[in-house]
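**Student:** Below you will find the structure I want to go over with you.
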């Protein structure tokens, strides 16, 4: 009975074209990266789009490389953010908490609306994929820059 139902459902999907889309491959290097805006970053951060959100998968991702001393502004994500560290050593800091070291292979989950920053240490670069979901059309809310004094405290 279950096999018949699955076969019937598959036939219905094919006949209506409900799954008529094909997979898409976005080739590595086909999306142009850029130096991160000084409105959102201190120092040199190279940002490469990985994929955009598209309904019903309402997340996007970027690959970000921070050179030594570079960091994001304070910010939060309405639906949270996942960082997947792929190279190097960096820092992440939640507002009001001590900084944490992040290294290649680490995964950081930042819950919705938690104010934080992330970036390189003062002597090492770090690269991570940043994946964030959209909520009501928004995936990040940018705040003030991390001051040199705040960053130096993080380096201690």
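**Student:** Within segment 108-137, how many residues turn out to be closer than 17 Å to residue 64 by Cβ and free of Cβ contacts under 8 Å to residues at least 40 places away in the same chain?
**Tutor:** Qualifying residue count for the region: 3.
**Student:** In addition: Can you find, within segment 55-74, the residue that is surrounded by the most Cβ atoms within 10 Å (Cβ to Cβ) among those that are in a loop (DSSP other than H, G, I, E, B) and at pLDDT 95 or above?
**Tutor:** Within segment 55-74, the first condition is being in a loop (DSSP other than H, G, I, E, B), and the residues that meet it are 55-56, 58, 67-70, 73-74.
Add one more test, that the residue is at pLDDT 95 or above, and what stays is 67-70, 73-74.
Details: 67: 15, 68: 17, 69: 18, 70: 23, 73: 19, 74: 18.
So the residue we want is 70.
**Student:** If you check 52, 39, 113, which single one turns out to be surrounded by 10 or more Cβ atoms within 10 Å (Cβ to Cβ) and at pLDDT 95 or above?
**Tutor:** Answer to the check: 113.
**Student:** Taking residue 85, is it modelled with pLDDT of 95 or more, over 20 Å from residue 144 (Cα atoms) and assigned to a strand (DSSP E or B)?
**Tutor:** It is true that residue 85 is modelled with pLDDT of 95 or more, over 20 Å from residue 144 (Cα atoms) and assigned to a strand (DSSP E or B).
**Student:** Which residues, taken from segment 95-104, are part of a strand (DSSP E or B) and either surrounded by 17 or more Cβ atoms within 10 Å (Cβ to Cβ) or touching a helix residue (DSSP H, G or I) at 6+ places or on another chain (Cβ under 8 Å) (or both)? It would help to see each step written out before you state the result.
**Tutor:** Filtering segment 95-104 for residues part of a strand (DSSP E or B) gives 100-103.
Once the filter is applied, which keeps residues that are part of a strand (DSSP E or B) and either surrounded by 17 or more Cβ atoms within 10 Å (Cβ to Cβ) or touching a helix residue (DSSP H, G or I) at 6+ places or on another chain (Cβ under 8 Å) (or both), segment 95-104 yields only 102.
The values are calculated or read from the model by the stated rules, or taken from the named source; none is laboratory data. The shown structure was predicted, so the numbers you read here are calculated from the model rather than taken from an experiment. Neighbour counts run over all protein chains shown; Cβ positions are idealised from the backbone, glycine included.
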